[in-house]
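Asker: This structure is in structure tokens; I'll ask about it shortly.
Coordinate-derived values only; no laboratory data. These figures come from a predicted structure and were not determined experimentally. Here the Cβ positions follow ideal geometry from the backbone for every residue, glycine too, while neighbour counts run over all protein chains shown.
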């Protein structure tokens, strides 16, 4: 019974954070800030993966040259580093796109116009 009372008190205190009837999509869609934080986190994880794979590549190259180690380990570590770098850059570019489009929408553009403006700014060509 005490646990239920604590839950009711806490739910009343945080009831302003719950979606209202007019905004049912709020619970399933991410806010711009949540998207930016998630993209930054994922890009950071892959960035660290790139750094670790780069260090592993150097280690395996030294082992292969100096101590007769396998070159395949160096190749695998290098390939993992390339993929991690590619993913980190992709997530970082996506984070920049989300921020850019959110800024354009807040200035009065439609999401479609903001997407076209991003494409023009990113590629340097008119869409």
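Asker: Using R₀ = 35 Å, calculate the FRET efficiency as 1/(1 + (r/R₀)^6) where r is the Cβ-Cβ separation of residue 125 and residue 40; round to 0.05.
Answerer: Plugging the Cβ-Cβ distance into 1/(1 + (r/R0)^6) gives 0.80.
Asker: If you don't mind, another one. Which ordering of 107, 97 is given by a fewest-first count of other beta-carbon atoms within 10 Å?
Answerer: So the residues, fewest neighbours to most, are 107, 97.
Asker: Using alpha-carbon pairs under 8 Å, 6+ residues apart, how would you state the relative contact order of segment 31-123 in percent?
Answerer: It rounds to 34 percent for segment 31-123.
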